[in-house]
């Protein structure tokens, strides 16, 4: 311990660590009946860390070409010691990360925490969720199997409907006119270099905003939060969050062991899309909606109308801190509360209905 | 000599800022232009394919279909229940998936979003907005040749 003390002293002498120590010692998390919602952000970050660690491991064997990608993943899961575990944890953790991010987003939304002065936190969080979905979409293609090939075909084709820039974006994403090995190599680059860099930057901002402003307490819970003693961040809240992380780790281990992620069959660009094809669950609500839309609606092609509506919905969701004027003074309008419930019911309803096979 | 209260139309500061700003803008543009060009791959010179040997008549029983390669895109050969052979582009007009022949429906079907086309390639159900592009089929003995732009 004396050695550690000395090291600390030496660092303190040079870097003046007092303000940091002071800040950490005084950092608290408010306590009220919805305090549980404060764990989701950290929980999402935990899965992100797992993604970084398992992703780096997969990089040791994965080969990003149309000829070798499928075989390299096959090699990982069948021959490399614990390869099945690393790959399955990577896939499961990706899904749980998105699930946790959604829980985080909706809990923040329903507590009205997006309102001034926390707009930037909402916007950086929105962008982080977008990046997470980008990770999911690009990572889905990397094993180069039949399902991922057609999912990428459809997903990139949607991008081509963007006004003006569509054709350019399509070529940029596909690395050509079709989904080929060039697309795979590109998606690999996005997945392991571009998206991680952007995520690290945004995550740093997102966390910095929270440190600067502290946790938000909804107006309706202020009384309660004032009465109860807040939780000290170090060590009390950290230890509790640690327990939640351990639960997450246990869930990952169980899921990976009992439900190993399928590899499917190798992509063949000259075969038909297989029956029963569907995207990852977090795209299901959009997927099913697009299936329900007729070829033409109000004189416009159905899918254009659907994609336009999703883009508009996303924009409204993004702009909620500006649109919900009452939120700034702690009086959120009922309309926005209702909007949150409608969006949640729509996403959850369509996702479950899709799993239950309601849509043929 | 200039009068003390006379100010030039453009101050030295404004002119300098403008020069600096445009130089900086030009530098950024000069760096970004190659990046924008780099991310779009060059067109690979491909001999335009107008006619391919798509399959054998003997391998295509009545009420069945087969995907064939037409240049860089997939095409679909179908043999109707009455024995006629037809060919279409296999690229679904909805969102680019590859369609297949469904003997049970006696239709062309896309698995991605449940789009359906009849035996003329016309979109009849589901989200596809346009019919499939039709090709011309020539039967030479047992060989099926498909020609574009028929």
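The values are calculated or read from the model by the stated rules, or taken from the named source; none is laboratory data. Remember, it's a predicted structure, so these values are computed and weren't measured experimentally. When we count neighbours, we look across all protein chains shown, and the Cβ atoms used for this are built from the backbone with ideal geometry, even at glycine.
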Given the criteria modelled with pLDDT of 95 or more and within 11 Å of chain B (Cβ to nearest Cβ), does residue A:185 qualify? yes
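In the range A:285-343, what residues are in a helix (DSSP H, G or I), under 11 Å from residue A:112 (Cα atoms) and at pLDDT 80 or above? Write out each step before concluding.
Residues of the range A:285-343 that are in a helix (DSSP H, G or I), as a first pass: A:285-292, A:302-318, A:320-323, A:325-329, A:334-343.
From what's left, under 11 Å from residue A:112 (Cα atoms): A:320-321, A:326-329, A:336-337, A:340.
Matches in the range A:285-343: A:320, A:321, A:336, A:337, A:340.
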Of the conditions (1) out of contact with any strand residue (DSSP E or B) (no Cβ under 7 Å at 6 or more places or on another chain); (2) within 11 Å of another protein chain (Cβ to nearest Cβ); (3) at pLDDT below 90, the single one that residue B:126 does not satisfy is (1)
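Name every residue in the range A:266-282 that is closer than 18 Å to residue A:310 by Cα, modelled with pLDDT of 90 or more and either within 11 Å of chain B (Cβ to nearest Cβ) or crowded, with 19+ Cβ neighbours inside 10 Å (or both), in order of residue number.
A:282
Hey, does the range A:40-50 have a residue that's within 25 Å of residue A:199 (Cα to Cα) and free of Cβ contacts under 8 Å to residues at least 40 places away in the same chain?
Here is the first cut: in the range A:40-50, the residues within 25 Å of residue A:199 (Cα to Cα) are A:40-50.
Going one step further and asking which of them are free of Cβ contacts under 8 Å to residues at least 40 places away in the same chain, we end up with A:49.
There is at least one residue in the range A:40-50 that is within 25 Å of residue A:199 (Cα to Cα) and free of Cβ contacts under 8 Å to residues at least 40 places away in the same chain.
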Please go through the range A:154-166 and give me each residue that is part of a helix (DSSP H, G or I) and at the interface with chain B (Cβ under 10 Å from one of its Cβ atoms), ordered by number. A:154, A:155, A:156, A:157, A:158
When residue B:44 is run through (1) in contact with a strand residue (DSSP E or B) (Cβ under 6 Å, 6 or more places away or on another chain); (2) within 14 Å of chain A (Cβ to nearest Cβ); (3) closer than 29 Å to residue A:166 by Cβ, the failure sits at (1)
All conditions in (1) within 15 Å of residue A:137 (Cβ to Cβ); (2) part of a helix (DSSP H, G or I); (3) in contact (Cβ under 8 Å) with a residue 60 or more places away in the chain are true of residue A:194 except (3)
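Suppose we filter B:81, B:61 for residues that are within 26 Å of residue B:141 (Cα to Cα), surrounded by fewer than 24 Cβ atoms within 10 Å (Cβ to Cβ) and out of contact with any strand residue (DSSP E or B) (no Cβ under 9 Å at 6 or more places or on another chain); which single one remains? Walk me through it before giving the result.
Values: B:61 fails: out of contact with any strand residue (DSSP E or B) (no Cβ under 9 Å at 6 or more places or on another chain).
One residue alone meets the criteria, B:81.
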Among the residues that make up the range A:216-235, is at least one of them surrounded by 13 or more Cβ atoms within 10 Å (Cβ to Cβ), free of Cβ contacts under 8 Å to residues at least 40 places away in the same chain and within 25 Å of residue A:128 (Cα to Cα)? no
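Just checking, how many residues over the range A:215-263 are under 26 Å from the mean Cα position of the chain (by Cα) and either within 14 Å of chain B (Cβ to nearest Cβ) or not in a loop (DSSP other than H, G, I, E, B) (or both)? Working first, answer last.
Quick first cut of the range A:215-263, residues under 26 Å from the mean Cα position of the chain (by Cα) only: A:215-218, A:233, A:237-263.
Applying the additional criterion that residues be either within 14 Å of chain B (Cβ to nearest Cβ) or not in a loop (DSSP other than H, G, I, E, B) (or both) yields A:233, A:237-258.
Here the count works out to 23.
Here is a check on your reading of the model: is residue B:121 within 12 Å of another protein chain (Cβ to nearest Cβ), touching a residue at least 12 places away in the same chain (Cβ under 8 Å) and at positive phi?
On the way: within 12 Å of another protein chain (Cβ to nearest Cβ): no; touching a residue at least 12 places away in the same chain (Cβ under 8 Å): yes; at positive phi: yes.
No; evaluated as a whole, the condition is false for this residue.
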Please report, ordered by residue number, the helices (runs of 4 or more DSSP H) entirely within the range A:1-87 with at least 2 residues that are under 25 Å from the mean Cα position of the chain (by Cα). A:39-59, A:69-78
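Tell me, which residue of the range B:96-118 that is part of a loop (DSSP other than H, G, I, E, B) and touching a residue at least 24 places away in the same chain (Cβ under 8 Å) is nearest to the other protein chains (Cβ to nearest Cβ)?
So in the range B:96-118, the residues part of a loop (DSSP other than H, G, I, E, B) come out as B:96-97, B:99, B:103-106, B:111-114, B:118.
Adding the requirement that they be touching a residue at least 24 places away in the same chain (Cβ under 8 Å) leaves B:99, B:103, B:106.
Working: B:99: 6, B:103: 13, B:106: 16 Å.
Here the answer is B:99.
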Only one of (1) more than 14 Å from chain A (Cβ to nearest Cβ); (2) exposed (fewer than 10 other Cβ atoms within 10 Å of the Cβ); (3) not in a helix (DSSP H, G or I) is not met by residue B:34, so which one is it? (3)
